[in-house]
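Trainee: Can you keep this structure in mind? I'll have questions shortly.
The values are calculated or read from the model by the stated rules, or taken from the named source; none is laboratory data. As the structure is a prediction and not an experimental result, all values here were calculated from the model. Neighbour counts are summed over all protein chains in view; Cβ atoms, including those assigned to glycine, are modelled from backbone coordinates with ideal geometry. The accessibility values were calculated without ligands, DNA or RNA, using every heavy atom of the protein model including side chains. Shrake-Rupley method; radii C 1.70, N 1.55, O 1.52, S 1.80 Å.
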Amino acid sequence: MPLDHDAASRTEEARAILRANDRGGYTVPSARMYPFQWNWDSPLTAIGWACFDPDRAWQEFETLTSGQWPDGMIPHIVFHAPSDGYYPGPDAWGTSHAPRTSGISQPPVAATCLRRLVDGAADREAALRRARPLIVKLTAWHRWWHETRDPAGSGLVACLHPWETGRDNAVEWDAPLAGVTSRVEVSALRKDILHADPAERPTHDYYNRVMTIVEDGKTVGWNGPAFHARSPFRVCDLGIQSLLLRADEDLAVLAREAALPDIAAALEAWRVRSLAAMTRLWNPATGAFHSLDLLTGRLTESVGIATLLVLHAGAASRDQALTVIETWTRGTATCRFAAPSTLPAIPGFDARRYWRGPVWPFMNRLVADGFTRYGRDDLAERLRTDTRTLIAQSGFREYFDPFTGAGLGGKDFSWTAAAWLVWAGHDAGAAAD
Ligand code: DGY
């Protein structure tokens, strides 16, 4: 079905955003606010590139994995080229890798996006050949999550910094962060509030706490096991746990097809172990899955969008899925646009502030995929049409107010453009994802 005129011009705009944010083999999330390569933005943006320039999509994975550490970790930022528009830059992280990187990781969505790239390739054999070294590198990263971040082999992987979760400022992290005593004062160094309204960004107190955790990482020379033992913030993030489960599944499929059976077997074993551990994250009283504070042993109280990522992972039983969907639908009835990043009734919800309430287009796409996996195409379609309306109404912004639809955070955002290209910009019926 042809796109209507407005949709077609928005598709052109989305492509233009990716081209403008291209720095030669990698795409910055937004030109001024995030001027480097970010771990989970990059593959989610790559699948947008794949819609009109597949070779460019592949490069995104190759540049991202050039930042991989010897222990397998793929960092959350790769600082390929200098820029003074962002804090904390490479000197603040104090890592020793070349190219320079941050010292923490981010949600492992790369394997899932790589599978999509291979599935969409015109020549599958050639795609698998190009994917082979990436499969090996991504498996080393998954191993790092399953071993360095789960030394006891519990099936629950740890995040040591809120920025690893990607949902940096989620209400879920308020209680674990309250246990971090600030030892730094960084408010004067912040650049993010020069690019976005401070009311849409985290507070100074938050920045002091998260940069204190960075100091802890530096103190142990960013050694994986030592940082795991020392960090004052240690949570099993439901988002990472779910996205890793899904990514293990997708990577195992690719590994089998690329004639890497040992890798496939390792991935399948990790998946079985992680799946079994999901019962520890289920709370029948709230009718939702939660993140777990590994230092206190308590489930976080907030219910956020990550509870729906369990469906994307195929990790909920049918009954749990029905209950989660009921909890979510009831809890978001007051929202005009789906899906808010936190249920509005949760204390700490903020419709305009970073990850505390706003809608994120790429997250809607992941959640819609989960709804489809559980046979709820109707809910997936609602997410698609809401995302389409938000972008049409407010542009390719970083996030959106779930009540008014106002555009928030950064502008001309790469993964918002990609979400349009791969999904939201399609006509109904052509949106299969
Ligand atoms: C930021 O600087 O806000 C980033 O999200 C950290 O990764």
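Trainee: Net charge near His76: determine it from the other residues with C-beta under 11 Å of the C-beta of His76, scoring Lys and Arg +1 and Asp and Glu -1.
Mentor: -3
Trainee: Right, another one. Search the structure for amide H atoms under 5 Å from the amide H of Arg201, placed 1.01 Å from N in the peptide plane, and list their residues when 5 or more places away or on another chain.
Mentor: Tyr354
Trainee: Still on this structure, please answer the following. Determine the relative contact order of the chain: mean sequence separation of Cα pairs under 8 Å and six or more apart, normalised by residue count, in whole percent.
Mentor: About 18 percent, as a whole number.
Trainee: Starting from the 7 Å offset along Cα-to-Cβ, what nm value, one decimal, do you get for the label separation of Glu13 and Thr385?
Mentor: 2.1 nm
Trainee: Continuing with the same structure: Excluding ligands and nucleic acids, what accessible area in Å² is computed for Leu244 using a 1.4 Å probe, to the nearest 10?
Mentor: Surface accessible to solvent at Leu244 totals approximately 0 Å².
Trainee: Counting Lys +1, Arg +1, Asp -1, Glu -1, what net charge surrounds Arg230 among other residues with beta carbon under 14 Å of its beta carbon?
Mentor: Computed value for this residue: +2.
Trainee: Working only with C-alpha atoms, what are the Rg and Dmax values of the range 318-357, expressed in angstrom?
Mentor: For the range 318-357, the Cα radius of gyration and maximum Cα-Cα distance read 10.9, 33 Å.
Trainee: Also: Full-extension gain between Leu189 and Glu326, please, as 0.36 nm times their residue separation minus the C-alpha to C-alpha distance.
Mentor: 45.0 nm
Trainee: Now for a different question. As an exercise, identify the GluC sites (Glu not before Pro) in the range 153-225 lying in DSSP coil whose Cβ has no more than 16 other Cβ atoms within 10 Å.
Mentor: Values: sites: Glu164, Glu172, Glu185, Glu200, Glu215; in loops: Glu185.
Listed in order of number, the matching sites are Glu185.
Trainee: Which whole number of Å³ per residue matches the convex hull of the alpha-carbon atoms in the range 225-376?
Mentor: Once divided by residue count, the hull of the range 225-376 is 138 Å³.
Trainee: Please list, ordered by chain and number, the residues whose modelled amide H lies under 5 Å from the amide H of Ala288; skip anything fewer than 5 residues away on the same chain.
Mentor: When sequence neighbours closer than 5 places are left aside, the close amide H contacts are Asn283.
Trainee: Further question: State the volume of the convex hull built on the alpha-carbon positions of the range 358-402, expressed per residue in Å³ and rounded to an integer.
Mentor: Convex hull of Cα atoms, per residue: 55 Å³.
Trainee: Taking only the alpha-carbon positions of the range 12-86 and ignoring solvent, what does the Debye formula give for the base-10 log of I(q)/I(0) at q = 0.11, 0.12, 0.22, 0.28 Å⁻¹?
Mentor: -0.25, -0.30, -0.95, -1.38
Trainee: Let me ask another. Using mean Cβ contacts within 10 Å as the protection proxy, how do 218-227, 25-34 order, highest first?
Mentor: Ranked by mean Cβ neighbours within 10 Å, highest first: 25-34, 218-227.
Trainee: Write down the radius of gyration of the range 298-416 and its Dmax, each obtained from C-alpha positions, in Å.
Mentor: Every Cα atom of the range 298-416 included, Rg and Dmax give 13.6, 41 Å.
Trainee: Ala152 versus Thr334, label points 7 Å from Cα toward the beta carbon: distance in nm?
Mentor: 3.8 nm
Trainee: If you don't mind, there's one more thing I want to ask. Please turn the phi angles of the range 76-82 into ³J(HN,Hα) values with the Karplus equation 6.51 cos²θ - 1.76 cosθ + 1.60 (θ = phi - 60°), one per residue in order, whole Hz, x for glycine and proline.
Mentor: Once θ is set to phi - 60°, the couplings for the range 76-82 become 6, 10, 10, 8, 4, 9, x Hz.
Trainee: In Å³ and rounded to a whole number, note down the convex hull volume per residue for the Cα atoms of the chain.
Mentor: Considering the Cα atoms of the chain, their hull volume per residue is 126 Å³.
Trainee: Continuing with the same structure: When only C-alpha pairs under 8 Å and at least 6 residues apart count, what is the relative contact order of the range 103-199, in percent?
Mentor: 26 percent
Trainee: Can you list, largest first and rounded to whole Å, the semi-axes you get for the range 1-141 by taking the square root of 5 times each eigenvalue of its Cα gyration tensor? The partial results should precede the final answer.
Mentor: On the way: eigenvalues 141, 88, 21 Å².
Taking √(5λ) for each eigenvalue gives 27, 21, 10 Å, largest first.
Trainee: Write down, largest first, the equivalent ellipsoid semi-axes of the range 122-227 in whole Å, where each equals the square root of 5 times an eigenvalue of the alpha-carbon gyration tensor.
Mentor: 33, 21, 13
Trainee: Apply the Karplus curve 6.51 cos²θ - 1.76 cosθ + 1.60, θ = phi - 60°, to the phi angles in the range 43-51 and return the couplings in whole Hz, x for Gly and Pro.
Mentor: x, 5, 7, 4, 5, x, 4, 4, 5
Trainee: Still on this model: Below 8 Å, C-alpha to C-alpha, sequence gap of six or more: please give me the relative contact order for the range 19-99 in percent. Show your work: numbers first, answer last.
Mentor: Values: 97 pairs, mean separation 23.2, N = 81.
Relative contact order for the range 19-99 comes out at 29 percent.
Trainee: Let me ask something else about it. For a quick protection proxy, order the peptides 120-127, 319-326, 97-104 by their average other-Cβ count within 10 Å, most packed first.
Mentor: Ranking, from highest mean packing down: 97-104, 319-326, 120-127.
Trainee: Now, a different point. What list of ³J(HN,Hα) values in whole Hz, one per residue of the range 286-296 in order, does the Karplus curve 6.51 cos²θ - 1.76 cosθ + 1.60 (θ = phi - 60°) give from phi, with Gly and Pro shown as x?
Mentor: Along the range 286-296, the couplings run 9, x, 8, 7, 9, 6, 10, 7, 6, 7, 9 Hz.
Trainee: Taking H as built 1.01 Å from N, whose amide H comes closer than 5 Å to the amide H of Phe79, not counting residues under 5 places away?
Mentor: HN-HN under 5 Å from Phe79: Arg100, Thr101, Ser102.
Trainee: Length gain on complete extension for the stretch Arg298 to Arg230, per 0.36 nm per residue less the alpha carbon to alpha carbon distance?
Mentor: 22.6 nm
Trainee: What distance in nm separates the two pseudo spin-label positions at Arg124 and Val136, each 7 Å out from Cα along the beta-carbon direction?
Mentor: 2.4 nm
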